[in-house]
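J.: Could you have a look at this structure, given as structure tokens, before my questions?
The values are calculated or read from the model by the stated rules, or taken from the named source; none is laboratory data. Quick caveat, the model's predicted, so the values are computed rather than measured. We place every Cβ from the backbone using ideal geometry, glycine too, and count neighbours over all the protein chains shown. These area figures cover heavy atoms from the full protein model, side chains too; ligands, DNA and RNA do not enter into them. Shrake-Rupley method; radii C 1.70, N 1.55, O 1.52, S 1.80 Å.
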Amino acid sequence: MAMFDAIVIGAGMSGLYQLHKLRQLGLKVRVYEAGGDVGGTWYWNRYPGARFDSESWSYGYSFDDEVLKEWEWSEHFAAQPETLAYLNYVADKLKLRRDIRFDSRVTACAYDEAANEWEVTLEDGDTARCRFLITAVGPLSTPVWPTIPGIQDFKGESYHTATWPHHPVSFAGKRVAVIGTGATGVQTIQEVAKTAGTLTVFQRRPNWCAPLVNAKITAEEQAKIKASYPEIFARCRASHGCFIHDADPRRALEVSPQEREAFYEQRYAEPGFGIWMGNFRDIFVSREANDTISEFVARKIRERVKDPKIADKLIPKDHGFGTRRVPLETNYYEVYNQPNVTLVDIRETPIERITPAGIATSDTQRDFDMIIYATGFDAVLGGFNKMEITGLGGRTLKDKWAEGPRTYLGLQVEGFPNLFTLVGPHNAATFCNIPRCIEQNVEWVSDVLAHMQKQGLNRIAATRAAEDAWTEHVYETGQKLLFTQVDSWFMGINTNLPGRNKRTFLLYAAGAPAYRERCDEVAARGYEGFTFD
Ligand SMILES: Cc1cc2nc3c(=O)[nH]c(=O)nc-3n(C[C@H](O)[C@H](O)[C@H](O)COP(=O)(O)OP(=O)(O)OC[C@H]3O[C@@H](n4cnc5c(N)ncnc54)[C@H](O)[C@@H]3O)c2cc1C
């Protein structure tokens, strides 16, 4: 059986950088990737309109000056093909592919206590062993199909956005249905509406969307971006979510209504997540403050959608602005002014089944040539739940996390020695301009392994006390936030998955700088909260 110092599961942004860092430590590493090539999110999500919500130039890796010098983003918010090309370029430049086995899904990982080794089993039955096991399985990598009866019966084309085919798909003249209006649904809808014969959108709950304000990067801007990478990354590092946007120090309720309105207008007209991440700091904790921005965005929706009844259906009533993931859009609301676009509110007329010809709701049957499922992911937990991970004493991770995740620093789990979980639950990376947090995660794990190498140690395990304290702290960070009062994937809720209707908490809400400080403190104190052998 093949033996490695470390096995990394996943070859997205996280797995690729982790491989590079472990090679620098001289370790023998194998990466297993379920997909046919590198890229993770950007390999799988080829749906029309897939693109960044992060500014492209704040998203790329920061660790390699040559990569920063050579790579040129063409738009402020690049589309999926460009990001996939970027990750291919990095994989080529760092010669990463030779240690990656593609089309290789890991199904089980079991800790052998006597040997202090992890045994990894692949879908094809192949096995390998390693000392250190690092999951880089992605926060949004396990697609979820809805539990509607009859999905298999449909005779037309069906696609899930997260497993979109590699060949071009035409919507021209077709009767297309899109189910789902989350971030992916919004990107898909605004693109499909350009060419479809008819487009019917099935919406269970509307989300608060805000303008992306994308543009090509001019030569002058390109030069400026390249000259200011250190400042860009320093700005990301200092902000709560590692975006270039950070909360305004003022409170919404302490400024005059005129000043507030002008500020919201400015944020609404600006590119990216400024309106979410760069808003007044009390909108996430005070319902009254949140009402001011929610009312502002609702007004914008009413201005942009001609039919007041449709506008009303597009305005969320069950949660305030920013308390769920904010989809960024380009002419999304204007789509509903097109004569060939219909919005179906499935809370009023639920989908009863998919039929061979289309979709039957409680009031009617509609026929389609194509159904697109934009029904999202089993967020953060999905990658873990898909594998049987067995730790000390035969205890599985699923069993341990049955009531919600428990971790130390979102990077280790008590009872699972030598297992590291990049971008795992309770880790700042899950609510972040993710590559900035990926780099922190990967560098922290690589440092601990370098420390162990130096000290001749070969087993690291989080203590129960450290895990309890961290888990409690994680819940405390969420307590005051309005988004812990709302059902969303941040809270581990997914109504398309059985048994996932109880709120837990998957994020670390005190922000990336606090998280980084805590991780550094733990390291500086000789990896407090861990035991070594
Ligand atoms: C449509 C979309 C848009 C996004 N836009 C942004 C954005 O603008 N800004 C931002 O910060 N984040 C964004 N994200 C989040 C995005 O997931 C992260 O930015 C980043 O790509 C995560 O990298 P990763 O390597 O951790 O995970 P992924 O890119 O998800 O890679 C994980 C890899 O692990 C593989 N894998 C999983 N399980 C197994 C297994 N059992 N065996 C073998 N391989 C396995 C998967 O196939 C996948 O290739 C977006 C996500 C989506 C879906």
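J.: Return only the number of the condition from (1) away from the ligand (no atom under 16 Å from the Cβ); (2) open to solvent by 20 Å² or more (accessible area, probe 1.4 Å); (3) aromatic (Phe, Trp, Tyr) that PHE202 does not satisfy.
T.: Here PHE202 meets the rest and fails (2).
J.: Can we say GLU303 is in contact with a Leu (Cβ under 9 Å, 6 or more places away or on another chain) and of a type outside the set (Lys, Arg)?
T.: No: the conditions fail for GLU303.
J.: Under 6 Å between Cβ atoms, which residue pairs at least 6 apart in sequence (or on different chains) link something in segment 449-463 that is under 18 Å from TYR111 (Cα atoms) with a partner that is at pLDDT below 95?
T.: From segment 449-463, the pairs are ARG459/ASP533.
J.: Which condition number in (1) farther than 22 Å from ASN45 by Cα; (2) loosely packed, with under 14 Cβ neighbours inside 10 Å is the one that GLY150 fails?
T.: So the condition that GLY150 fails would be (2).
J.: Follow-up question, since we're still on this one. Please find, within segment 412-458, the residue that is nearest to the ligand (Cβ to nearest atom) out of those that are open to solvent by 20 Å² or more (accessible area, probe 1.4 Å) and within 18 Å of LEU140 (Cβ to Cβ).
T.: Ranking the qualifying residues of segment 412-458, first place goes to ILE434.
J.: Collect the residues in segment 306-320 that are surrounded by 15 or more Cβ atoms within 10 Å (Cβ to Cβ) and either on the phi > 0 side of the Ramachandran plot or in contact with an Asp or Glu (Cβ under 9 Å, 6 or more places away or on another chain) (or both), keeping them in residue-number order.
T.: Within segment 306-320, ALA311, LYS313, HIS319, GLY320 meet the criteria.
J.: Considering only residues of segment 155-170 that are open to solvent by less than 20 Å² (accessible area, probe 1.4 Å) and of a type outside the set (A, V, I, L, M), which is nearest to the ligand (Cβ to nearest atom)?
T.: Only one residue tops the list, namely THR161.
J.: Before we move on, is GLU82 under 21 Å from the mean Cα position of the chain (by Cα), surrounded by fewer than 21 Cβ atoms within 10 Å (Cβ to Cβ), acidic (Asp, Glu) and within 13 Å of the ligand (Cβ to nearest atom)?
T.: The answer is yes for GLU82.
J.: Output yes when any residue across segment 38-47 is modelled with pLDDT of 95 or more, open to solvent by 10 Å² or more (accessible area, probe 1.4 Å), touching a strand residue (DSSP E or B) at 6+ places or on another chain (Cβ under 6 Å) and assigned to a loop (DSSP other than H, G, I, E, B), and no when none is.
T.: Within segment 38-47 (the criterion being modelled with pLDDT of 95 or more, open to solvent by 10 Å² or more (accessible area, probe 1.4 Å), touching a strand residue (DSSP E or B) at 6+ places or on another chain (Cβ under 6 Å) and assigned to a loop (DSSP other than H, G, I, E, B)), the answer is no, since none of the residues qualifies.
J.: Here is a follow-up. Please work out which one of (1) more than 8 Å from the ligand (Cβ to nearest atom); (2) under 16 Å from the mean Cα position of the chain (by Cα) is the condition TRP44 fails and give its number.
T.: (1)
J.: In segment 394-405, which residues are touching a residue at least 60 places away in the same chain (Cβ under 8 Å) and either outside any loop (DSSP other than H, G, I, E, B) or surrounded by fewer than 23 Cβ atoms within 10 Å (Cβ to Cβ) (or both)?
T.: Correct list: GLU403, GLY404.
J.: Which pairs do you get when a residue that is touching a residue at least 24 places away in the same chain (Cβ under 8 Å), found in segment 335-363, comes within reach of a residue that is part of a loop (DSSP other than H, G, I, E, B) and charged (D, E, K, R), reach meaning Cβ atoms under 6 angstrom, with the pair 6+ apart or on two chains?
T.: ASN337/LYS306; ILE346/ARG204; PRO356/LYS155
J.: Any idea which of (1) more than 23 Å from ASN385 (Cα to Cα); (2) open to solvent by less than 10 Å² (accessible area, probe 1.4 Å); (3) away from the ligand (no atom under 12 Å from the Cβ) is the one ALA6 doesn't satisfy?
T.: For ALA6, the exception is condition (1).
J.: Same structure again: Which ones in segment 350-379 are more than 14 Å from GLY180 (Cβ to Cβ), of a type in the set (Ser, Thr, Tyr) and open to solvent by less than 30 Å² (accessible area, probe 1.4 Å)?
T.: Within segment 350-379, THR355, THR361 qualify.
J.: Still on this structure: Confirm whether ASN116 is open to solvent by less than 30 Å² (accessible area, probe 1.4 Å) and within 9 Å of the ligand (Cβ to nearest atom).
T.: Judged against the criteria, ASN116 is not a match.
J.: Taking into account only those residues within segment 133-147 that are open to solvent by 20 Å² or more (accessible area, probe 1.4 Å) and more than 9 Å from the ligand (Cβ to nearest atom), which is nearest to the chain's Cα centre (by Cα)?
T.: PRO143
J.: Quickly run through segment 251-286 and pick out the residues that are of a type in the set (A, V, I, L, M) and over 25 Å from ALA509 (Cα atoms).
T.: If the condition is that a residue be of a type in the set (A, V, I, L, M) and over 25 Å from ALA509 (Cα atoms), then VAL255, ALA262, ALA269 are the ones that fit.
J.: Determine whether ASP126 is of a type outside the set (A, V, I, L, M, F, W, C) and either more than 16 Å from the ligand (Cβ to nearest atom) or within 30 Å of ILE372 (Cβ to Cβ) (or both).
T.: Judged against the criteria, ASP126 is not a match.
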